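Just below is one structure, and these are the notes that go with it.
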Amino acid sequence: MRQHIVMTRLFEFGGSNTYLKTLLKYFGGEKTILILQNNADMAYLGNIEMPETFCVSAQTGLHGYAHLSYPSLLSNLKELFFIFISVARIFFMSLKHGFADLTISVVEPEKYLYLLCVPFIKVNYVLHSTPSLRHSIFTTYICKFALNKRKCITTVSNANKELLLQRWKIPQKKEAFVHVVYNCVVEPSAIQTVKTNGKKYILTLGHVVAYKNPAIWLEVAQSIVSKYHDVDFIWVGSGPLLEEFRTAAAAVSGRIKFHGADSHPESYLASAMIYYQPSIHETHGIAVVEAMYHHLPCVVSATGGLTESITDQYNGLLVDPFNAKEHVKALISIIDQPGVCKKFGENGYKRYKNLFSFKIFKANMDAIYLN
């Protein structure tokens, strides 16, 4: 495979870091040039365990969002100038590395989308999050005129693809250039388990933000721990609401814990009994795929791409994201039936192998990059 430029953001913890590890394995570290959006991201390089010879730099000053819909002609011309400069910077970077392909991995819809216009190179815009209802007119223009075999968009679930097509008003004749490649897991060579003193626990991974539904999570956790003396709840992840809910959980029970960020969440997955994801919406959910790899039964919201990972009554249970009683009932049904817990976990691993393994990921990416 030829040289490849990957533009992305790094975080202390989260699915975008996991996805980057997968990309590095796919492209090969020695052939990948990693471009970070700012210098602050450099602090998190250790969380993705890159080889020392890896080529990485921060490209600050690139224009973020292209609107070109200001009332003032001068403002539009000024923005167009910044867009042109950014496109030129990426083009010459690609030229320097032998017309390297470009992959833009983003969690902020529309950011850097205009880079689909970089000439003479293959560009894949990978979107991990849900596009908002409002969008720039220029976004629709890009999708209408720039998308082709060498300029494509990739997202992580069919549910998110449908939202993209609808919200960005992508013409039917361009739908073939919007791909779905499911998240996968780079299988760890060794896994350390978290010490639990013989207690079972229900695990959630992710940033503590409103759309992950921490309020329902805490209500459900409180109900379950009041019924079972040997079942705890653990949420691993950072986020803007972490301290608020950490304090609230501590006031309720010492068995409901927000552990903060951890760059090696697989140690928690290896020790957990059930994986629980009550998100209000989710594009796909790398953490759910990781849970399936670790043979965990999953209780997740029936929303977005989560329903493409979890089949109700096969490898877990689907619940209404706003119905706490339904969540409690689902979790209890698994806790009280060890046979069902084991069966769901085994079925989840089978589904992981069939849909979300690196082998499947590689085949789907090859269809994009090698054709």
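The values are calculated or read from the model by the stated rules, or taken from the named source; none is laboratory data. Quick caveat, the model's predicted, so the values are computed rather than measured. Neighbour counts run over all protein chains shown; Cβ positions are idealised from the backbone, glycine included. Calculation scope for accessible area: heavy atoms of the full protein, side chains included, ligands and nucleic acids excluded. Shrake-Rupley method; radii C 1.70, N 1.55, O 1.52, S 1.80 Å.
When the stretch 17-72 is limited to residues that are in contact with a Ser or Thr (Cβ under 6 Å, 6 or more places away or on another chain) and farther than 25 Å from LYS96 by Cα, the one that is least open to solvent (accessible area, probe 1.4 Å) turns out to be ASN47.
What about SER279, is it polar (S, T, N, Q), under 18 Å from GLN222 (Cα atoms) and not in a strand (DSSP E or B)? Don't jump to the end; show me each part of the working.
Working: polar (S, T, N, Q): yes; under 18 Å from GLN222 (Cα atoms): yes; not in a strand (DSSP E or B): yes.
Considered against the rule, which asks whether it is polar (S, T, N, Q), under 18 Å from GLN222 (Cα atoms) and not in a strand (DSSP E or B), SER279 comes out as yes.
Any residue at all in the stretch 346-363 that's at pLDDT 95 or above and either farther than 29 Å from LYS25 by Cβ or more than 22 Å from the chain's Cα centre (by Cα) (or both)? Looking for residues that are at pLDDT 95 or above and either farther than 29 Å from LYS25 by Cβ or more than 22 Å from the chain's Cα centre (by Cα) (or both), one finds at least one in the stretch 346-363, hence yes. Restricting attention to the stretch 201-231, the residues being touching a His at 6+ places or on another chain (Cβ under 9 Å) and either polar (S, T, N, Q) or assigned to a strand (DSSP E or B) (or both) number 1. Apart from one condition, VAL186 fits all of (1) under 28 Å from LEU296 (Cα atoms); (2) not in a loop (DSSP other than H, G, I, E, B); the exception is (2). For the stretch 300-314, residues that are open to solvent by less than 50 Å² (accessible area, probe 1.4 Å), over 18 Å from CYS184 (Cβ atoms) and not in a strand (DSSP E or B) total 1. Of the strands (runs of 3 or more DSSP E) that lie entirely inside the stretch 90-180, those containing 3 or more residues that are within 20 Å of the chain's Cα centre (by Cα) and buried (at least 20 other Cβ atoms within 10 Å of the Cβ) span 101-106, 123-127, 151-155. Taking the stretch 278-299 as the range and being over 11 Å from GLY348 (Cβ atoms), in contact with a helix residue (DSSP H, G or I) (Cβ under 6 Å, 6 or more places away or on another chain) and either of a type in the set (Asp, Glu) or buried (at least 21 other Cβ atoms within 10 Å of the Cβ) (or both) as the test, the residues that pass are PRO278, SER279, GLU282, THR283, GLY285, ILE286, VAL299. So, of the residues in the stretch 334-357 that are open to solvent by 30 Å² or more (accessible area, probe 1.4 Å) and in contact with a helix residue (DSSP H, G or I) (Cβ under 7 Å, 6 or more places away or on another chain), which turns out to be nearest to TYR228 (Cα to Cα)? Among them, the one singled out is VAL340.
Please tell me if TYR19 is over 29 Å from PHE138 (Cα atoms) and either part of a strand (DSSP E or B) or aromatic (Phe, Trp, Tyr) (or both). Outline the logic, then answer.
Working: over 29 Å from PHE138 (Cα atoms): no; either part of a strand (DSSP E or B) or aromatic (Phe, Trp, Tyr) (or both): yes.
For TYR19, the condition - over 29 Å from PHE138 (Cα atoms) and either part of a strand (DSSP E or B) or aromatic (Phe, Trp, Tyr) (or both) - is not met.
Taken over the stretch 246-275, residues that are out of contact with any helix residue (DSSP H, G or I) (no Cβ under 8 Å at 6 or more places or on another chain) and in a helix (DSSP H, G or I) amount to 6. Being in a helix (DSSP H, G or I) and aliphatic (A, V, I, L, M) is a property that LEU77 has.
Scanning the stretch 224-241 for residues that are of a type in the set (Gly, Ala, Ser), surrounded by 19 or more Cβ atoms within 10 Å (Cβ to Cβ) and free of Cβ contacts under 8 Å to residues at least 40 places away in the same chain yields a total of 1. Filtered by the rule that a residue be β-branched (Val, Ile, Thr) and over 13 Å from TRP217 (Cβ atoms), the stretch 237-271 gives a lone residue, THR247. Residues in the stretch 259-270 that are out of contact with any His (no Cβ under 9 Å at 6 or more places or on another chain) and open to solvent by less than 30 Å² (accessible area, probe 1.4 Å) were compared, and the one that is modelled with the lowest pLDDT is PRO265.
Against the test of being out of contact with any helix residue (DSSP H, G or I) (no Cβ under 9 Å at 6 or more places or on another chain) and at pLDDT 95 or above, the options LYS199, LYS195, LYS173, LYS161 yield a single qualifying residue, LYS173. Of the residues that make up the stretch 315-332, is at least one part of a loop (DSSP other than H, G, I, E, B) and closer than 20 Å to MET273 by Cα? Yes, the stretch 315-332 contains a residue that is part of a loop (DSSP other than H, G, I, E, B) and closer than 20 Å to MET273 by Cα. Checked against (1) crowded, with 17+ Cβ neighbours inside 10 Å; (2) closer than 20 Å to LYS343 by Cβ; (3) out of contact with any Phe, Trp or Tyr (no Cβ under 7 Å at 6 or more places or on another chain), PRO321 passes all but condition (2).
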